[in-house]
Amino acid sequence: MSDVMEKLVSLCKRKGFIFQSSEIYGGLNGCWDYGPLGVELLRNIKESWWRAMTYRDDVEGIDASILMHARVWEASGHVEGFNDPMVEDSKTNERFRLDHLLTEAGVDCAGLDFDGMTAKMAELALKSPKGNELTPPRQFNMMFKTHVGPVEDSASVVYLRPETAQGIFVNYLNVQQAMRQKLPFGIAQIGKAFRNEITTKNFLFRTREFEQMEMQYFVRPGEEEKWFDYWKQERRKWFTEALGIPDSRLRWHEHGAGELAHYARQAYDIHFEFPFGWDEVEGIHNRGQFDLGQHEEFSGKQLKYFDEEAKDKVLPAVVETSIGASRSTMMVLANAYDEEEVKGDTRTVMRFHPQIAPIKVAILPLVKRDGMPEIARKVEADLRPHLRVFYDERGAIGRRYRRMDEVGTPFCVTVDSDTLTDDTVTVRERDSMAQDRVKKSELLAVLTGRMADWKHPAA
């Protein structure tokens, strides 16, 4: 783990962003709990995505069940094809993904299938990270299997969903008919997904339980490329405008023929520059007619859309945008983390976009006397219906500023002796540390205006 990652993980625990799941029992690998600030950050990211996706007339929202009929996953290809190549350390029995070991050994695994990776492993005489012999690779299915009902037999098998998309596909006609949508239209969903990853690493980047934010856009066959290009640009714009990610830390990765998922005709990933290197945060896929065609075949149900204007029936093609809410949070945390020298000291600051910051403004009385706490509490009460606020009167004012910088609070409002005479307060900005006086009566308007106009210092 890089030095920056170690500092970030430490900050997340100390400040109440992220905790290890079941920590008092030694923790559960690949599972994390969101603390008070973390859950607020995650909620803000999800809300931003939801508004971007569904506050338009051509996209509807749903919340499908986690447990679905087992045939859904047979039709989707997950039962047969949702596999990773796994090897084991012959002495310690530790398990590893073969593609990860090959990548660490300098092999570009793009385009290599299972047999190709097996051959490359033999060619390199690949060893485990501890220098031991590895077992022959085998395919490992990542779906969690369980049973519904009192009897555990083949008829009761269900899976914890490994993605949210299938809940959209099996409901697409229900949504279309209920909402009287016409092609093209989309269906969006935010929900839990589960993958029994062989190895988990890099904090929130690859976990066994996570949240996905997915949108499937249904179009007439032949129009996929047009809408594929449209959603590519829309999604990248959301990163820069809504999350405040500098464009310099984003890049496109096109999937080659050997990288494409079984359902995809085209695929681009948006990559972000994490402390551990460039990696995927969102995928935009041209899924063609694969999914609806599979479900039509396996269910025996007609899934064609009747176009009233053209007077024909078509099986829609699909353009997908898929992003992990957990991985997005990891990206936002990594992007926000910064250190700078201020008067000989190191200032740690989380430069969140104000719209997604867990706390928008801190209310601070300069001292705990002369009526300042009472005025500060009144300012807090006035702002609380509109903004997430935090009140703090403990310690020196400079120390309180630093505490708020460390959790990414964009603005601090200080009630001081001048407030008693002129009804103004000091507004201190997180990024520049600049301070100015604002009338209490204008405070909300000033803060919301500055939040809307904010730009990342690196942009």
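Could you work out how far the C-alpha centroid of the stretch 18-64 sits from that of the stretch 203-259, in angstrom?
Taking the Cα centre of each part, the stretch 18-64 and the stretch 203-259 sit 18 Å apart.
What shape does the stretch 359-453 have by the C-alpha gyration tensor, where a ≥ b ≥ c are the square roots of the eigenvalues, rounded means a/c under 1.5, and otherwise prolate means a/b greater than b/c and oblate the rest?
On the way: a/c = 1.45, a/b = 1.13, b/c = 1.28.
Judged from the Cα gyration tensor, the stretch 359-453 comes out rounded (a/c under 1.5).
How many percent of all Cα-Cα pairs in the stretch 251-403 sit more than 20 Å apart?
Here the long-distance tail beyond 20 Å is 71 percent of all Cα pairs in the stretch 251-403.
Kirkwood hydrodynamic radius, computed over distinct alpha-carbon pairs, for the stretch 62-204: how many Å, to one decimal?
Computed over Cα pairs of the stretch 62-204, the Kirkwood hydrodynamic radius comes out at 18.0 Å.
If I take every Cα pair under 8 Å that is 6 or more residues apart in the chain, average their sequence separation and divide by the length, what percent do I get for the relative contact order?
Details: 819 pairs, mean separation 62.3, N = 459.
Contact order relative to length: 14 percent.
Can you tell me, using C-alpha contacts under 8 Å and at least 6 residues apart, the relative contact order of the stretch 326-381 as a whole percent?
Numbers: 35 pairs, mean separation 11.5, N = 56.
With pairs under 8 Å counted, the relative contact order is 21 percent.
Starting from a Cα-only point model with no solvent, please compute log10 I(q)/I(0) by Debye for the chain at q = 0.08, 0.12 1/Å.
Treating every Cα as an identical point scatterer, log10 I(q)/I(0) equals -0.58, -1.12.
How far, in degrees from 0 to 90, does helix 114-124 lean away from the longest principal axis of the Cα atoms of the chain, to the nearest 10?
Helix 114-124 sits at roughly 80 degrees to that axis.
Could you give the Stokes-Einstein D for the stretch 83-141 in µm² per second, using the C-alpha Kirkwood radius, 25 °C, 0.890 mPa s?
Answer, rounded: 218 µm²/s.
Using amide H atoms built 1.01 Å from N in the peptide plane, name the residues 5+ places from Phe144, or on other chains, whose amide H lies under 5 Å from its own.
Close amide H contacts, sequence-distant or interchain: Leu160, Asn196.
Short version: ³J(HN,Hα) in whole Hz for each residue of the stretch 427-438, in order, from phi by Karplus 6.51 cos²θ - 1.76 cosθ + 1.60 (θ = phi - 60°), x for Gly and Pro, what are they?
Values per residue, Gly and Pro as x: 9, 10, 8, 4, 6, 8, 6, 5, 10, 8, 8, 9 Hz.
Using Cα atoms only, what is the angle between the long axis of helix 325-336 and the major principal axis of the chain, expressed in degrees (0 to 90) to the nearest 10?
Tilt relative to the chain: about 40 degrees.
Please give the helix 290-299 orientation as an angle from the longest Cα principal axis of the chain, in degrees from 0 to 90, rounded to the nearest 10.
60
Every number in this text was worked out from the coordinates using simple rules, so none of it is lab data. Predicted, not measured: the structure shown is a model, and the values here were computed from it.
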